[in-house]
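Visitor: Have a look at the structure that comes next, please.
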Amino acid sequence: MEQPHSREKFSVENLETANLLFGYQNKFLKLVEKSLDVRIGCRGTTLNIEGDPPQVAITRRLFEELCVLLKEGYSLYPTDIDYAIRILSADSRVCLKSIFLDKIFVSTRNKVISPKSLAQKSYIDSIRSKDIVFGIGPAGTGKTYLAMAMGISFLLKKEVSRIVLVRPAVEAGEKLGFLPGDLAEKVNPYLRPLYDALFDMMAFEKAQELIDKGIIEVAPLAFMRGRTLNDAFVILDEAQNTTHEQMMMFLTRMGFGSRAVVTGDLTQIDLPDNRLSGLVEAKSILAGVEGIHFITFSDIDVVRHPIVQSVIQAYEKYQHKACNGRAGTSG
């Protein structure tokens, strides 16, 4: 049976907007064709879209939303087209303007940091309104990076007086005692990703100055014991590698005027097999507690190289197959 076919025209307001929407040598149109499996013909400022009805409808909606962004002065990049397609494919009613124009922070390199997916938008909105936010999902979904940007934004607006960044130093295959150097040198490799995100947003000298003054602190989770953190923005990264005791210890460090963000990936737990992850447990214990919110990310929210999304999907399929295979064997 022949597949239903749809044809629609889309007219752009003027030539300047059309050039920005189509991209250099129609680069953006080609990207849309490939991603949504449609054909797009171009005559002047008018587009002819052909393909399966649902895909044609999403394509038209995409162009409508992108034109709104361009009118607001937003500069389109190929990655924006990819994010926009993912968002509208999941929910065509979404207003891209409310996501892409939500400016969290402008780095010293003049890079605008903003959400690129529905989950990321929900995440930053939750950080603005809740005391404790959990961001759970795979690598590359912006959990730590966006939390860091929000922390710096709060600091610059004087909504908090310091930022505390912590990670559990889990021994994945190596004993800390056998590593060279003093304790600070032993745990520094575990904290490197936090420094990387920080230095990507702030000039190295400025960030180092704030670290030297204690306004920004990067430390292993064990260093939080016995402390009360007032007026602070606290990020616990790699929380899947906390134990029950560590998670409870961290969450009870919160003082007046503070807020916390907890990030983790439940597929990358490095704890011994007999230890339950404090993050897994927290999902059950704290669900529904007022002032605490959980955001779950998926491969749709990956904002790294497009291949990362494909890698995550491939591993998920493999794990699903393996689980079904074990279930079949046990039956």
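Visitor: Among the residues of the range 130-153, what is the count of those that are in contact with a strand residue (DSSP E or B) (Cβ under 9 Å, 6 or more places away or on another chain) and touching a residue at least 60 places away in the same chain (Cβ under 8 Å)?
Guide: Selection size over the range 130-153: 16.
Visitor: Of everything in the range 224-248, what is more than 24 Å from Glu159 (Cα to Cα), more than 21 Å from the chain's Cα centre (by Cα) and assigned to a helix (DSSP H, G or I)? Give them in sequence order.
Guide: Scanning the range 224-248 gives His244, Glu245, Gln246, Met247, Met248.
Visitor: On to the next question. So how many residues does the range 136-169 have that are buried (at least 24 other Cβ atoms within 10 Å of the Cβ), small (Gly, Ala, Ser) and part of a loop (DSSP other than H, G, I, E, B)?
Guide: 2
Visitor: Could you say which residue among Ser11, Ser35 is more than 20 Å from Tyr74 (Cα to Cα) and touching a residue at least 12 places away in the same chain (Cβ under 8 Å)?
Guide: Result of the check over Ser11, Ser35: Ser35.
Visitor: Still on this structure, I have one more. Can you pull out every residue in the range 223-242 that is in contact with a Ser or Thr (Cβ under 8 Å, 6 or more places away or on another chain) and crowded, with 18+ Cβ neighbours inside 10 Å?
Guide: Those that are in contact with a Ser or Thr (Cβ under 8 Å, 6 or more places away or on another chain) and crowded, with 18+ Cβ neighbours inside 10 Å: Leu229, Ala232, Phe233, Val234, Ile235, Leu236, Asp237, Glu238, Ala239, Gln240, Asn241, Thr242.
Visitor: Then there is this: Pro115 versus (1) touching an Asp or Glu at 6+ places or on another chain (Cβ under 8 Å); (2) under 20 Å from Val38 (Cβ atoms); (3) open to solvent by less than 10 Å² (accessible area, probe 1.4 Å): which is the lone unmet condition?
Guide: Failing condition for Pro115: (2).
Visitor: Same structure, new question: Could you please give the count of residues in the range 83-101 that are in contact with a Leu (Cβ under 8 Å, 6 or more places away or on another chain) and open to solvent by less than 30 Å² (accessible area, probe 1.4 Å)?
Guide: 8
Visitor: Hey, can you tell me all the residues within the range 52-101 that are of a type in the set (Gly, Ala, Ser), in a loop (DSSP other than H, G, I, E, B) and at negative phi?
Guide: Correct list: Ser75, Ser92.
Visitor: Now, a different point. Which one is modelled with the highest pLDDT, of the residues in the range 305-322 that are within 30 Å of Gln246 (Cα to Cα) and surrounded by fewer than 17 Cβ atoms within 10 Å (Cβ to Cβ)?
Guide: Within the range 305-322, the match that is modelled with the highest pLDDT is Tyr315.
Visitor: So which residues in the range 254-283 are open to solvent by less than 40 Å² (accessible area, probe 1.4 Å) and either outside any loop (DSSP other than H, G, I, E, B) or modelled with pLDDT of 90 or more (or both), if there are any at all?
Guide: Gly255, Ser258, Ala260, Val261, Val262, Thr263, Gly264, Asp265, Ser277, Gly278, Leu279, Ala282
Visitor: So in the range 54-100, with the set limited to residues that are among the small types (Gly, Ala, Ser) and within 18 Å of Asp37 (Cα to Cα), which one is farthest from the chain's Cα centre (by Cα)?
Guide: Ranking the candidates gives Ala57 first.
Visitor: Still on this structure, please answer the following. When you scan the range 121-128, do you find a residue that is in a strand (DSSP E or B) and under 22 Å from Phe256 (Cα atoms), even just one?
Guide: So far as the range 121-128 goes, no, none of its residues is in a strand (DSSP E or B) and under 22 Å from Phe256 (Cα atoms).
Visitor: When you go through Asp37, Asp80, Asp52 one by one, which is the residue that is among the charged types (D, E, K, R) and either open to solvent by less than 30 Å² (accessible area, probe 1.4 Å) or under 21 Å from Lys97 (Cα atoms) (or both)?
Guide: Residue meeting the stated conditions: Asp80.
Visitor: Is one or more of the residues making up the range 102-111 among the small types (Gly, Ala, Ser), open to solvent by less than 60 Å² (accessible area, probe 1.4 Å) and in a loop (DSSP other than H, G, I, E, B)?
Guide: Within the range 102-111, the subset among the small types (Gly, Ala, Ser) is 107.
In the following step, the residues that additionally are open to solvent by less than 60 Å² (accessible area, probe 1.4 Å) were identified as 107.
If we keep only those that are in a loop (DSSP other than H, G, I, E, B) as well, we get 107.
Yes: the range 102-111 contains one or more residues that are among the small types (Gly, Ala, Ser), open to solvent by less than 60 Å² (accessible area, probe 1.4 Å) and in a loop (DSSP other than H, G, I, E, B).
The values are calculated or read from the model by the stated rules, or taken from the named source; none is laboratory data. Just so we're clear, the structure is a prediction, and the values are computed from it rather than from any experiment. Using ideal geometry, Cβ is built from the backbone for each residue, glycine included, and neighbour counts are taken over all protein chains shown. We work out accessible area using only protein heavy atoms, side chains counted, and drop any ligands, DNA or RNA first. Shrake-Rupley method; radii C 1.70, N 1.55, O 1.52, S 1.80 Å.
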